[in-house]
1. If the viscosity is 0.890 mPa s and the temperature 25 °C, what Stokes-Einstein diffusion coefficient in µm²/s follows for the chain when Rh is the Kirkwood radius over Cα pairs?
2. Apply the membrane-span-like helix rule to the chain: whole DSSP H runs, Cα extent along the own long axis of at least 30 Å, mean Kyte-Doolittle hydropathy at least -0.5. List the helices found.
3. Counting Lys and Arg as +1 and Asp and Glu as -1, each charge on the Cβ, what is the dipole of region 115-233 about the Cα centre in debye, to the nearest 20?
4. Taking neighbour counts of Cβ atoms within 10 Å as a proxy for exposure, in what order, fewest first, do TRP229, TRP137 appear?
5. Suppose only helical runs count, i.e. DSSP H with n ≥ 4. What mean residue ellipticity at 222 nm does that imply for the chain under -39500 (n - 2.57) per run, divided by all residues and rounded to the nearest 500 deg cm²/dmol?
6. List nothing, just return the count: lysine pairs in the chain, 8 or more apart or interchain, with Cα separation under 28 Å.
7. Determine, for THR225, THR27, the number of other Cβ atoms within 10 Å of each Cβ, and report the residues in order from fewest to most.
8. Enter the Cα centre distance for the pair region 66-112 and region 115-187, rounded to the nearest angstrom.
Amino acid sequence: MEGDQFAEDMLRLVNRGREGFQAFAATVDLVGIKNQMVKRRNEAKARLDDLQQGFGGALSIFPGGEEYRVCFATDAVFVVRELEPGADTGSLWASFCGHIYALAGFLDDMDRQIGNPGLRVVVAAGPLLQVSDPESWKKLPCKLETANWFVLTGAADALRKCMEAESLGKKAGFLTGYCWHERPTPAGSFLGTRLQKVPLEYARRPDLYDTFYREMVARADQTATLPGWQANSTLDPAGAK
């Protein structure tokens, strides 16, 4: 049995060391939370709790997050999906975008119903500098001291783009109340689609997520661009059409 486990671990290590990994990333960001932290701390705390619990609960309504790595930090949820070399990125990109849009539209509607300003969502794609063994620290001599550690992902251009867009915000055109999804080309160029709740009768239909994406593209009424990415990257985010 030990030999089988060793072989499995080695295959996993070799696989993750290959070239060509990509990642999709999304940030679901609470709007106005920083002001609330100063003036209405109890409301800010309630919103943070609602985002954390709401995102997890929404996955039971909009299934399909089994492959995601998720982190709750500051006033946002960070979502990453790693893709192995050779994956059908075009199809997976459409499904990922549609899924995130459905989740975010549900959460945005909940937030606005109780008088809050809602969310801003950014979805991007890019090469992934893979962490070869993300669970390695569990086997270290200091594993008791690292019991609460986890790895979100390696260095993903996708997550970097999401964070840059959030940081720039309105001054770069990334308006609140929108889902900003990266165009297939050129890199760093985004379409903005106003967040809207997806009818719950379609919620449990992962086969419809790519349809949600096509509707997002068709309904986009804003554009925004991250400075520097178009000139410095040859990335086609997902091969999406």
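1. On the way: Rh = 18.8 Å.
Reported coefficient: 130 µm²/s.
2. Numbers: long enough: 89-113 (35 Å, 0.16).
For the chain, where a helix must reach 30 Å along its axis and average at least -0.5, the hits are 89-113.
3. Value, rounded to 20: 240 debye.
4. Working: TRP229 20, TRP137 15.
So the residues, fewest neighbours to most, are TRP137, TRP229.
5. Details: 7 runs with 95 residues, N = 241.
Computed mean residue ellipticity for the chain: -12500 deg cm²/dmol.
6. The number of close lysine pairs in the chain is 19.
7. Values: THR225 17, THR27 24.
Fewest to most other Cβ atoms nearby, the residues stand as THR225, THR27.
8. Here the answer is 10 Å between Cα centres.
Values in this text are rule-based calculations from the coordinates and carry no lab data. What you see is a predicted model, and the numbers here were worked out from it, not measured in a lab. Note that we place each Cβ from the backbone using ideal geometry, even for glycine, and neighbour counts take in every protein chain shown.
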